[in-house]
Structure formats: structure tokens, C-alpha cells
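Colleague: This is the structure, below, for whatever I ask next.
The values are calculated or read from the model by the stated rules, or taken from the named source; none is laboratory data. Remember, predicted model here, so these are calculated numbers, not experimental data. Counting neighbours? That spans all protein chains shown, and the Cβs are built from the backbone with ideal geometry, glycine included. In case anyone asks, the SASA skips ligands and DNA or RNA and just uses the protein heavy atoms, side chains included. Shrake-Rupley method; radii C 1.70, N 1.55, O 1.52, S 1.80 Å.
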Amino acid sequence: MLYLLGEQDRIVGISGFTTRPSIARREKPKVSAFTSAKIDKILELRPDLVFGFSDLQADIAASLIRAGIEVHIFNQRSITQVLGMIATVGCLVGASEKSAKLIAELENTISQAQITASGLTIKPKVYFEEWDEPIMCSIRWAMELIEIAGGVDCFPELSHLQSAKNRVIQAWQVIERQPDIIIGSWCGKKFQPSKVIQREGWDSIPAVKNGFVREIKSVDILQPGPSLITHGLNQVQSIIQEWNRFITGKQG
């Protein structure tokens with residue numbers, strides 16, 4: 001976010017999970033993981049403000065607050081909330097005009113994707129898998145990307161639930177919903193399509209039979225910032241458009 005706003009000089013430390021932009025890993029000290037942090041190293045950097053994400057970082061935030069550091073923890077789960085996060089970051093660092101411009105660009109990307117999706121004659125059912133052990137279906141923003149791109153999420157009733165443990169499902173439930181497309185993005189490890197298609201009974205799923213089991217890297221779709229729209233959305237749309245051409249050709 002701060003690099004996109006041209007405010008990267010403000011950054012004194014980053015998470016070791018930072019991947020975009022790649023230059024950040026070369027320029028900035030790594031002082032935390034995701035659910036743990038080197039509190040002493042952060043304090044040595046004397047930050048005016050620490051940004052964090054989700055309830056999973058509550059303990060880190062508490063330790064920093066006790067040490068007298070100002071902390072802002074975001075907890076965005078939807079595309080609307082992601083855009084709100086961008087506006088808030090822009091406001092906090094005195095870059096409101098630049099953040100407003102970025103939001104407008106992202107909203108335009110979404111609108112263009114919706115226009116493209118409106119041309120689809122059939123909406124595919126899409127199963128998004130965030131984790132495999134246990135099997136976990138899509139978080140809310142992934143469901144929304146699927147819908148923007150012209151698909152129908154297989155588990156919309158679960159995608160709105162904030163806690164990951166509430167999105168755990170059984171393999172038979174996926175078979176029951178018969179998705180046309182399976183998109184995998186295992187947070188923190190490489191998605192293995194071969195492992196997925198070998199699950200018992202999954203050979204009956206249209207996505208498996210037609211070869212539409214695909215990966216989107218977690219850095220592109222599981223980090224709830226601008227990359228969801230700049231990198232994740234176009235990949236979801238590309239997969240759905242490819243499926244539509246396949247089905248149209250098959251029917252023809």
C-alpha cells in the first residue's frame with residue numbers, strides 16, 4: 001500500500017511475509033512473521049505507528065500497545081473493506097488524494113471486469129479452496145472476486161463467516177455441489193492439483209473431468225490489499241473466460 005502511494009520512505013520495518021513489491025525485501029528490515037514478532041526489534045526502530053492485520057495479530061498489538069506504541073489493526077474481509085482500508089491508510093499518512101486516485105483506478109478495474117462478465121451466457125459454479133488439511137472454502141473477498149468475474153461461489157453461505165474454522169468443510173460437500181471450476185490457493189504453501197483430483201469421489205466433479213483445477217498464488221489472492229484487484233481478479237476472470245470458451249465450444 002505505502003509503496004503504491006509513494007510513501008515507502010516512511011517504512012522502517014516489514015513482515016518476513018512481505019512479497020510485493022520485491023524491492024521491499026531488499027530495502028527494509030524484517031521484524032515480524034504473521035502471528036509472531038520481534039517486539040524488541042520493532043521498538044528499536046521507534047515507529048510512530050504500526051499497521052497490522054486481523055485478530056490473529058491481537059497478541060502482537062497488545063505487546064506493542066503496552067510498550068507505548070500506537071497500533072492500527074485492520075480486519076478487512078470484503079472488497080469494500082479493502083477499499084476502505086486504502087482510504088484509511090492514505091488519511092493516516094497524509095496521502096488522501098493519492099489513495100483516492102488509487103481507489104478510483106481499482107474501482108474502474110472492477111467495473112471493467114463486471115462488463116466483461118456480463119457477456120457470459122453461463123455462470124460457472126466455482127469452488128475456491130484456501131486450505132487442504134482441513135479442507136477450507138473461500139474467504140469473503142475470494143467469493144466476491146468470483147462473482148465480479150462472472151462465476152457463482154459454491155459456498156456463499158460460509159464465505160461471509162469471518163473465522164477460518166467456520167469455513168471448514170468435508171470433501172463430500174464439494175462433490176455434492178459439483179463445481180465447474182476449482183481454484184486452489186493454499187496460504188503459505190504451493191497448491192497441488194494432483195493431490196486434489198485424487199481425493200475419493202472427486203473424479204465425478206465437472207471441474208476435475210474437464211481439467212479446470214487451477215492455482216492462483218496466495219500472494220495474489222489471499223493478501224487483502226490492492227493485489228486482490230490488480231493481480232487476483234484478472235486471474236479469476238481468465239480462468240472463467242477460458243471455461244466459458246470450452247463449454248461454448250463443447251455445446252457447438
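Colleague: Under the condition of being assigned to a loop (DSSP other than H, G, I, E, B) and open to solvent by 60 Å² or more (accessible area, probe 1.4 Å), which residue from region 45-57 is nearest to Q223 (Cα to Cα)?
Modeller: L49
Colleague: Residue under question is E97, and the condition is that it be modelled with pLDDT under 95, farther than 23 Å from W243 by Cα, more than 17 Å from the chain's Cα centre (by Cα) and surrounded by fewer than 20 Cβ atoms within 10 Å (Cβ to Cβ); does it hold?
Modeller: Spelling it out, it is not the case that E97 is modelled with pLDDT under 95, farther than 23 Å from W243 by Cα, more than 17 Å from the chain's Cα centre (by Cα) and surrounded by fewer than 20 Cβ atoms within 10 Å (Cβ to Cβ).
Colleague: State all residues of region 1-39 that are of a type in the set (A, V, I, L, M, F, W, C), farther than 24 Å from I103 by Cα and assigned to a helix (DSSP H, G or I); if no residue qualifies, say none.
Modeller: Selection gives I39 alone.
Colleague: Need pairs with beta-carbon distance below 7 Å; first residue in contact (Cβ under 8 Å) with a residue 24 or more places away in the chain and within region 197-222, second hydroxyl-bearing (S, T, Y) and open to solvent by 50 Å² or more (accessible area, probe 1.4 Å); sequence gap 6+ or separate chains.
Modeller: If the second residue must be hydroxyl-bearing (S, T, Y) and open to solvent by 50 Å² or more (accessible area, probe 1.4 Å), the pairs left are V219/T19.
Colleague: Taking the criterion of being surrounded by 17 or more Cβ atoms within 10 Å (Cβ to Cβ), within 22 Å of the chain's Cα centre (by Cα) and aliphatic (A, V, I, L, M), would at least one residue in region 29-36 satisfy it?
Modeller: Scanning region 29-36 turns up no residue that is surrounded by 17 or more Cβ atoms within 10 Å (Cβ to Cβ), within 22 Å of the chain's Cα centre (by Cα) and aliphatic (A, V, I, L, M).
Colleague: Among the residues of region 8-28, which ones are aliphatic (A, V, I, L, M) and either open to solvent by 70 Å² or more (accessible area, probe 1.4 Å) or within 24 Å of the chain's Cα centre (by Cα) (or both)?
Modeller: I11, I14, I23, A24
Colleague: Just to check your reading of the model, which residue among I60, I42 is touching a residue at least 24 places away in the same chain (Cβ under 8 Å), in a helix (DSSP H, G or I) and closer than 26 Å to D220 by Cα?
Modeller: Result: I60 is the single residue among I60, I42 that is touching a residue at least 24 places away in the same chain (Cβ under 8 Å), in a helix (DSSP H, G or I) and closer than 26 Å to D220 by Cα.
Colleague: Restrict the check to region 119-132 and report whether at least one residue is of a type in the set (S, T, Y) and either modelled with pLDDT under 95 or in contact with a Pro (Cβ under 7 Å, 6 or more places away or on another chain) (or both).
Modeller: Taking every residue of region 119-132 in turn, at least one turns out to be of a type in the set (S, T, Y) and either modelled with pLDDT under 95 or in contact with a Pro (Cβ under 7 Å, 6 or more places away or on another chain) (or both).
Colleague: Those residues that are out of contact with any Asp or Glu (no Cβ under 6 Å at 6 or more places or on another chain) and either open to solvent by less than 60 Å² (accessible area, probe 1.4 Å) or within 22 Å of G249 (Cα to Cα) (or both), I need them from region 84-94; list them, please.
Modeller: G84, M85, I86, A87, T88, V89, G90
Colleague: Would you confirm, using the coordinates I've provided, whether S54 is polar (S, T, N, Q) and at pLDDT 95 or above?
Modeller: no
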